[in-house]
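Chemist: Below: one structure in structure tokens.
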Amino acid sequence: MQIDQVFSQLSEPQPSYQINIDKSWSQGRTVYGGMSASLVFQTMQNLITDTRKVRSVHINFVGPLDPEKP
């Protein structure tokens with residue numbers, strides 16, 4: 001699965017999202033941290049309609065994001 005295929009699942013703003021991430025984007029039992037963070041950021045951009053620019057993002061990983069599970 002290519003990165004554009006992963007992000008195409010977030011192409012339309014929706015009230016909530018369920019996406020699948022291929023196991024090739026994981027290490028051990030979780031999706032790579034950079035991929036997880038970028039998916040969160042893209043979802044935030046889709047859901048927040050505010051016109052302010054994001055200057056920084058702080059993301060904590062508190063549990064694994066299982067690949068190949070919606």
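The values are calculated or read from the model by the stated rules, or taken from the named source; none is laboratory data. Fair warning: this is a prediction, and the values are worked out from it, not measured in the lab. Because the Cβ atoms are built from the backbone with ideal geometry, glycine has one as well, and the counts that use them run over all protein chains shown. Heavy atoms of the whole protein, side chains included, go into the accessibility calculation; ligands, DNA and RNA do not. Shrake-Rupley method; radii C 1.70, N 1.55, O 1.52, S 1.80 Å.
Chemist: Give me the residue from the range 42-51 that is part of a loop (DSSP other than H, G, I, E, B) and of a type in the set (Val, Ile, Thr) and, out of that set, farthest from Ile21 (Cα to Cα). If you could, list the steps in order and put the result at the bottom.
Modeler: Within the range 42-51, the first condition is being part of a loop (DSSP other than H, G, I, E, B), and the residues that meet it are 48-51.
Applying the additional criterion that residues be of a type in the set (Val, Ile, Thr) yields 48-49, 51.
Details: Ile48: 23, Thr49: 26, Thr51: 29 Å.
So the residue we want is Thr51.
Chemist: Let me ask something else about it. Regarding Ser16, is this residue among the small types (Gly, Ala, Ser), within 13 Å of the chain's Cα centre (by Cα) and modelled with pLDDT under 90? Can you show your working first?
Modeler: Values: among the small types (Gly, Ala, Ser): yes; within 13 Å of the chain's Cα centre (by Cα): yes; modelled with pLDDT under 90: yes.
Criteria met by Ser16.
Chemist: Next question, about the same structure. Would you pick out the residues in the range 11-41 that are part of a loop (DSSP other than H, G, I, E, B) and closer than 16 Å to Pro67 by Cα? Step through it out loud before you land on a result.
Modeler: As a first pass, look at the range 11-41 and keep what is part of a loop (DSSP other than H, G, I, E, B): 11-22, 28-29, 32.
Tyr17, Gln18, Ile19, Asn20, Ile21, Asp22, Gly28, Arg29, Tyr32, listed by residue number.
Matching residues to (1) in contact with a Leu (Cβ under 6 Å, 6 or more places away or on another chain); (2) open to solvent by less than 100 Å² (accessible area, probe 1.4 Å):
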{"residue": "Val6", "(1), (2)": "no, yes"}
{"residue": "Ile19", "(1), (2)": "no, yes"}
{"residue": "Lys23", "(1), (2)": "no, no"}
{"residue": "Val31", "(1), (2)": "yes, yes"}
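Chemist: If you don't mind, there's one more thing I want to ask. Pairs under 7 Å by beta carbon, first residue hydroxyl-bearing (Ser, Thr, Tyr) in the range 1-23, partner surrounded by 12 or more Cβ atoms within 10 Å (Cβ to Cβ), six or more apart or different chains?
Modeler: Tyr17/Leu10; Tyr17/Thr43
Chemist: Determine which member of the set Val54, Val62 is β-branched (Val, Ile, Thr), surrounded by 10 or more Cβ atoms within 10 Å (Cβ to Cβ) and in a loop (DSSP other than H, G, I, E, B). Break it down stepwise before answering.
Modeler: Working: Val62 fails: surrounded by 10 or more Cβ atoms within 10 Å (Cβ to Cβ).
Just a single option satisfies the conditions, and that option is Val54.
Chemist: Give the residues of the range 11-40 that are farther than 18 Å from Met1 by Cα and among the β-branched types (Val, Ile, Thr), sorted by residue number.
Modeler: The one that is farther than 18 Å from Met1 by Cα and among the β-branched types (Val, Ile, Thr): Val40.
Chemist: What tally of residues in the range 42-70 results from selecting those that are under 13 Å from Val6 (Cβ atoms) and free of Cβ contacts under 8 Å to residues at least 40 places away in the same chain?
Modeler: Of the residues in the range 42-70, 2 are under 13 Å from Val6 (Cβ atoms) and free of Cβ contacts under 8 Å to residues at least 40 places away in the same chain.
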